[in-house]
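I have placed the structure first, in the form of structure tokens, so that the comments after it can refer back to it.
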Amino acid sequence: MRPQLIISAAIIAAAVLTIPLFATGYQRSLINLYLLYVILALSFDILRGNTGYVNLAHTAVFGWSTYFFAILIKGGYNILASMATATLLSLALAVGVGAPFFRTRGAYYTIITLGFSLLSYSLAYSLDWVTGGWEGISVNLGEMHLPAFYGLFTVTTAAVVTSYMIDRSKLGLAFRTMRESEDAAEALGLDTYSLKLKSLTISSIFPSLAGPLYVLYNSYVNPDIVFGLKNIFAPATMALFGGSGTVAGPIIGAIIITTIFEMLFTTQLPVRLTIMGAILVVVGLLMPRGLVGLTSRMRRRTFTTAGLGVSKP
Amino acid sequence: MLSPIAIVELTLAGLLLGGIYSLLSIGLTITFGVARILNLAHGEFMMVSALAVYLFFQFTGGTVNPFTSLAILTPILFVSGYLFERFLIRPLRRKPVEVLEWAPLLVTLGVALIIEDLAFIIVPREFGVPYSLPPTKILGLTLSTTRLTSLLLVTAVALGLTLFLRKTYTGKAIRASIQDREAALTMGINVNRISAITFGLGVSLAAAAGVFLIMIRGLDAYVGLPITAKAVAIVILGGMGSIMGSLLGAIILGISEVYVSFYSPAWSFTVAWAILILILLLRPQGLFGKRAERI
């Protein structure tokens, strides 16, 4: 990295780190929400941007992590121990359940990961003796906005750095080779299954870490908050809106879409779902490369298959 | 333990629910099969149809048999489905492969949210159609005539659909396009036209499901996405694009839902999803699906 880049990153980091000290309660939780969605959007795109697999289960992984943590805290366990356990458990769940899904490709993979998210939602309702059903779980840990902020900021930084490093590494090159053609990648001697597992594991670490931190400041979870349909599609929408396959795209997308969501849901407009729906339609129909793609100079990875208008049946 | 009467009643209720789900999910599976695009707005058409039945029932003061609305609604929704394909799905089909994997999900989800929002503005509460015919007595059992009629009509629609898909040119062309879109094209089938017709058909099947569902339970404007989720589960379970698979999957889901919710309503959906994930771990291509391949 160039020294200017490191210095400016350090200045931004210092500024961001001191803001919450002066912010009010609502502003603090809003900043945390932004960080959370940046993490989820980046996680989604570490998988999708590199390997091409559209995975809609990252929110579910995050959701299970929040639930594991809340349940452990309710059980009277130590905060740090609960955090570590919840993170490891949800990571194991993500990889263990997610690995067989790689037996499918393309749209089938997307739909099966959507199925996993929907199952998670209904399980969180059904297992009411541990999850509290629709009432959810409240945990009282006192005012934890600041620790949660520093935690989320660290995870966000880690996600950005990881995304950047993968982009520059041999592993990233292997991922992108696989994205262009899985058969060709195998012919080149790449173990595509192990590559897929690697990308799934790396991208699932950050939602697993973010879960407990979310509970820390929100002190409440229920199925709708963490597993709701709006949330399942949020990371994908943000990453694709901002520009998939870049480091900046998911971050920009997460910030803009979160701002719009917050504005819509605090004003209580009667047509807020219509506006959200319209955004989704516009992104899907008109912005295949996202915002970052609109300015081609910023685009670093290009799709070699972009010119192919016909897909195989 | 369940009494024999309860078993008969629950099984009939399960068959009816399964039949309704099968109309819905066959509609979804044929549209997916032809276009290779999962329409997340599918359940919205069902909700719109149920809403129309409700409004029709209110408007006529509850005097007209709601089953008659089937005759008006299915053609109207056929046209909506046709236009939906023409102006939304077809432009999406032209996108490059890597966009085709996610853009249709976002676009159809967006359309679903818009339809739900507008429907909620029209009827911002739960709505139902309290219509029932005098009960029927068979072999000492007292059964709901409305439910029996629904069950008969659902079976008739399913049989009619099967005949249509097996015997007519259009039906055969639909099945050919599901099997292999490009091969169908080289055989001289106008795949674009067939695709639009399939969406019309799929959406009118959802509309029929809506007419039957509103007769047995109250719905609200936000029922579309959860019901689409169920249809997606059934479609994956049966094997994507497989009509037989959807039929079987829907019956399994309908009966298990009715029996499970007899004991604990909270578990009905979860059991269905758990069955789904288990089957998928054993057979990733679903019950009747072909080997999964890249779209």
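Descriptive notes on the structure:
- Given +1 at the Cβ of Lys and Arg, -1 at the Cβ of Asp and Glu and no other charges, the dipole of the stretch A:155-200 around its Cα centre is 240 debye to the nearest 20.
- The angle between the Cα long axis of helix A:58-74 and the longest principal axis of the Cα atoms of chain A comes to about 20 degrees, rounded to the nearest 10.
- For chain A, adding -39500 (n - 2.57) for each run of n ≥ 4 DSSP H residues and dividing by the number of residues yields -25500 deg cm²/dmol at 222 nm.
- Semi-axis lengths, Å, the stretch B:39-129, gyration tensor of Cα atoms, sqrt of 5 times eigenvalues: 31, 15, 8
- Residue-averaged beta-carbon neighbours from other chains (10 angstrom radius) around A:122-134: 3
- Computed from Cα atoms, the angle from the helix A:229-242 axis to the main principal axis of chain A rounds to 50 degrees.
- Percent of Cα pairs exceeding the 36 Å cut-off, where the set is the protein assembly as shown: 38 percent
- Gaussian network model of chain B, springs between alpha carbon atoms under 10 Å - residue of B:L105, B:L151, B:L38 with greatest fluctuation: B:L105
- Student exercise, the stretch B:4-282 dipole from Lys, Arg, Asp, Glu Cβ charges, in Debye to nearest 20: 740 debye
- C-alpha center-to-center spacing [the stretch B:2-26, the stretch B:130-167] in angstrom: 11 Å
- When peptides A:54-65, B:164-175, B:67-78 are sorted by average Cβ neighbour count within 10 Å, with the highest value leading, the order is A:54-65, B:67-78, B:164-175.
- Using C-alpha pairs below 8 Å separated by at least 6 residues, the relative contact order for chain A is 29 percent.
- Inter-chain Cβ neighbour average for residues A:228-234, partner chain, 10 Å: 3
- Values of log10 I(q)/I(0), in the order q = 0.21, 0.24 Å⁻¹, for the stretch A:229-281 under a Debye, Cα-only, solvent-free model: -0.73, -0.91
- Folded to 0 to 90 degrees: helix B:191-216 orientation relative to chain B principal axis, Cα: 10 degrees
- The value for the stretch A:9-160 of Rg(Cα) / (2.2 N^0.38 Å) is 1.15.
- Taking the centroid of alpha carbons for each part, the stretch A:197-242 and the stretch B:28-104 are 31 Å apart.
- Cα-centred dipole magnitude for the stretch A:25-226, charges only on beta-carbon of K, R (+1) and D, E (-1), debye, nearest 20: 300 debye
- Scattering profile of chain A at q = 0.07, 0.11, 0.13 Å⁻¹ [log10 I(q)/I(0), Debye over alpha-carbon scatterers]: -0.27, -0.69, -0.97
- Per-selection Rg to Rh, chain B - Cα, Kirkwood hydrodynamic radius: 0.97
- Cβ-based charge dipole, the protein assembly as shown, positive-most Cα from A:V215, B:L143, A:L269: A:L269
- Value in Å of the Kirkwood radius, where the stretch B:1-92 supplies the Cα pairs that are averaged: 15.6 Å
- Computed over the stretch A:11-169: relative contact order in percent, which uses C-alpha pairs under 8 Å that are six or more apart: 34 percent
- Over the stretch B:4-282, relative contact order from alpha-carbon pairs under 8 Å, at least 6 apart, %: 42 percent
- Spin-label proximity, A:A23 to the stretch A:36-71 - amide N less than 16 Å from point 7 Å beyond Cα toward beta carbon: A:36-40
- Which of B:Y131, B:G14, B:T162, positive extreme of dipole for the stretch B:4-282 (C-beta unit charges): B:T162
Where a number appears in this text, it was derived from the coordinates with a stated rule and is not lab data. The structure displayed is predicted, hence computed values, not measured ones. Glycine gets a Cβ as well: all are built from the backbone with ideal geometry, and neighbour counts include every protein chain shown.
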